[in-house]
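Undergrad: Just passing along the structure, written as structure tokens.
The values are calculated or read from the model by the stated rules, or taken from the named source; none is laboratory data. If you're wondering where the values come from, they're calculated on a predicted model, not measured in any experiment. Backbone-built Cβ (ideal geometry, glycine too); neighbour counts: all protein chains shown. Heads up: the accessible areas ignore ligands, DNA and RNA and are worked out on the full protein's heavy atoms, side chains in. Shrake-Rupley method; radii C 1.70, N 1.55, O 1.52, S 1.80 Å.
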Amino acid sequence: MLIRNATVHTATAQGTLQGADVLVQGGVVRAVGPGLAAPAGVSVVEAGGRPLTPALFGGITDIGIEEVSGESSTVDSAVTLKDAQPVRPEFDVTLAYNPGSVLLPVARVEGIGFTLLGAGGGGAFVDGQGGVVRLDGSADPIGPRALFVRLGSDALGESGKSRAAQWMLLDQLVAEARGRVAADSPHALLTPAGRAALAKYLSGQGRIVVSVNRAADIRRLLRWAKREGVRIAVSGGAEAWELAPELAQAQVPVFVDALADLPADFDRIGATLENAARLRAAGVEVGFSQTGDASHNARKVRQLAGNAVANGLPWEDGLAGLTRVPAQAFGVADQVGAIAVGRTADLVLWSGDPLDVANVAQQVWLGGRAMPMKSRQTELRDRYLRPAGNLPRAYPH
């Protein structure tokens with residue numbers, strides 16, 4: 001396939017290329033630039049100057065591990081074990097991933113091509129592991145796993161009703177994983193598999209994604225990460241802007257909900273619509289993820305980025321927060337998150353500015369394959385738009 005005459009937002013150092021072409025062969029981008037010739041047998045898509053972007057990041061979600069959020073039998077994102085060892089970092093939600101979930105096409109038709117499956121809401125504040133999946137129907141995650149931890153008020157119920165207890169428990173978990181507590185200790189919190197899983201992250205082999213909002217908690221998190229030598233990312237970070245220089249110096253990416261502008265709780269008193277802009281101005285890599293029902297409303301992640309741009313974030317950084325930044329943060333930048341030679345051809349052609357929700361994805365390609373631009377929602381829409389006949393509206397004729 002040759003996509004001709006597009007406004008190509010590469011999400012790389014090349015930036016935006018006007019009137020450029022993208023050649024795709026074997027599911028991979030083979031060339032990017034103006035005036036490319038179409039080899040024999042290659043179909044041509046005339047973009048007419050419309051925006052072409054990498055397929056977008058849907059945020060940290062349960063897409064494929066949750067079907068109906070209110071029906072527990074369809075939700076696989078959390079583990080709650082009623083035994084003496086509730087902390088199970090070896091728990092891996094990707095084992096439950098269902099590529100046939102109806103949530104995939106609902107997100108995909110909105111231009112979303114990959115998401116980070118997150119563990120959360122179980123019986124411990126160390127929730128378990130997740131990973132990146134592409135929404136192309138493939139069954140397996142790509143890249144390394146990430147470990148999910150919750151700190152602050154959202155995890156008080158699983159950590160002794162005190163933030164201080166969270167750090168006490170973390171210190172014990174680290175001591176166990178590093179062999180400073182006997183495996184057969186009656187006070188051990190981790191299984192042997194849990195020790196091995198946590199030890200991997202403590203040795204820098206994976207990223208720990210920490211859901212945290214209060215500036216005081218983020219400050220202590222940065223000190224803990226430096227002391228233990230671990231790689232972290234912040235999710236939420238409503239008050240992260242207060243520590244922007246420290247986060248930049250530590251090279252910690254922050255995935256913000258750019259619609260958070262009110263003190264929803266005591267951890268978010270300093271919430272502001274300028275959070276992303278202030279962080280980026282200090283040199284922090286900023287990505288986006290929703291704090292609400294992110295799985296069923298993944299399409300709204302574009303609105304987050306657009307609102308951040310409306311409140312001071314440069315446009316290119318808004319797009320990067322949905323493409324390059326998450327791909328780099330979660331170890332899959334060699335495959336997705338940019339339009340560049342050698343990357344997987346996960347592409348979206350838009351009707352206009354993709355950060356403006358008035359525009360839509362007109363075609364999504366994943367691995368160079370055109371995805372059906374329909375979902376359960378569009379099929380329901382079309383069904384109920386049928387004119388009434390011998391039978392009432394929406395009945396097949």
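Undergrad: With a cut-off of at least 1 residues that are modelled with pLDDT under 95, name the helices (runs of 4 or more DSSP H) lying wholly within region 292-397.
TA: Per the criteria, 376-385.
Undergrad: Which of the residues belonging to region 193-204 are farther than 20 Å from G122 by Cβ, open to solvent by less than 30 Å² (accessible area, probe 1.4 Å) and hydrophobic (A, V, I, L, M, F, W, C)?
TA: The one that is farther than 20 Å from G122 by Cβ, open to solvent by less than 30 Å² (accessible area, probe 1.4 Å) and hydrophobic (A, V, I, L, M, F, W, C): L202.
Undergrad: Assuming L259 fulfils every condition listed in (1) without any contact (Cβ under 8 Å) to a residue 40 or more places away in the chain; (2) open to solvent by 20 Å² or more (accessible area, probe 1.4 Å); (3) part of a loop (DSSP other than H, G, I, E, B); (4) of a type in the set (A, V, I, L, M) apart from one, which condition is it?
TA: If we test L259 against (1) without any contact (Cβ under 8 Å) to a residue 40 or more places away in the chain; (2) open to solvent by 20 Å² or more (accessible area, probe 1.4 Å); (3) part of a loop (DSSP other than H, G, I, E, B); (4) of a type in the set (A, V, I, L, M), just (1) comes out false.
Undergrad: Only one residue in L56, L23, L36 is at pLDDT 95 or above and either among the hydroxyl-bearing types (S, T, Y) or within 27 Å of R299 (Cα to Cα) (or both). Which one?
TA: L56
Undergrad: Sticking with this structure for a sec: Take the residues of region 1-22 that are among the aliphatic types (A, V, I, L, M) and farther than 21 Å from V325 by Cβ: which is most open to solvent (accessible area, probe 1.4 Å)?
TA: It comes out as M1.
Undergrad: When you look at D353, is it acidic (D, E) and touching a residue at least 40 places away in the same chain (Cβ under 8 Å), yes or no?
TA: Here the answer is yes, as D353 does meet what is asked.
Undergrad: If you don't mind, there's one more thing I want to ask. Pick out the one residue from S43, S73, S77 that is open to solvent by 40 Å² or more (accessible area, probe 1.4 Å) and touching a residue at least 40 places away in the same chain (Cβ under 8 Å).
TA: Selected residue: S43, the only one of S43, S73, S77 that is open to solvent by 40 Å² or more (accessible area, probe 1.4 Å) and touching a residue at least 40 places away in the same chain (Cβ under 8 Å).
Undergrad: Moving on. Does G367 fit the bill of being within 22 Å of the chain's Cα centre (by Cα) and either crowded, with 20+ Cβ neighbours inside 10 Å or among the small types (G, A, S) (or both)?
TA: Yes: the conditions hold for G367.
Undergrad: With surrounded by fewer than 17 Cβ atoms within 10 Å (Cβ to Cβ) and not hydroxyl-bearing (S, T, Y) as the only criterion, which of R207, R227, R280 stands out?
TA: Being surrounded by fewer than 17 Cβ atoms within 10 Å (Cβ to Cβ) and not hydroxyl-bearing (S, T, Y) holds for just one of R207, R227, R280, which is R227.
Undergrad: I've got another one for you. So, of the residues in region 87-129 that are free of Cβ contacts under 8 Å to residues at least 40 places away in the same chain and touching a Gly at 6+ places or on another chain (Cβ under 6 Å), which turns out to be surrounded by the most Cβ atoms within 10 Å (Cβ to Cβ)?
TA: Within region 87-129, the match that is surrounded by the most Cβ atoms within 10 Å (Cβ to Cβ) is V93.
Undergrad: Which residues, taken from region 241-286, are over 21 Å from the mean Cα position of the chain (by Cα) and acidic (D, E)?
TA: Passing the criteria: E242, E246, D265, D267.
Undergrad: Given the conditions (1) closer than 23 Å to Q328 by Cβ; (2) at pLDDT 95 or above, and given that Q205 satisfies all but one, which numbered condition is not satisfied?
TA: If we test Q205 against (1) closer than 23 Å to Q328 by Cβ; (2) at pLDDT 95 or above, just (2) comes out false.
Undergrad: If you check L147 against the conditions, is it in contact with a Phe, Trp or Tyr (Cβ under 6 Å, 6 or more places away or on another chain) and surrounded by 22 or more Cβ atoms within 10 Å (Cβ to Cβ)?
TA: So L147 fits the description; yes.
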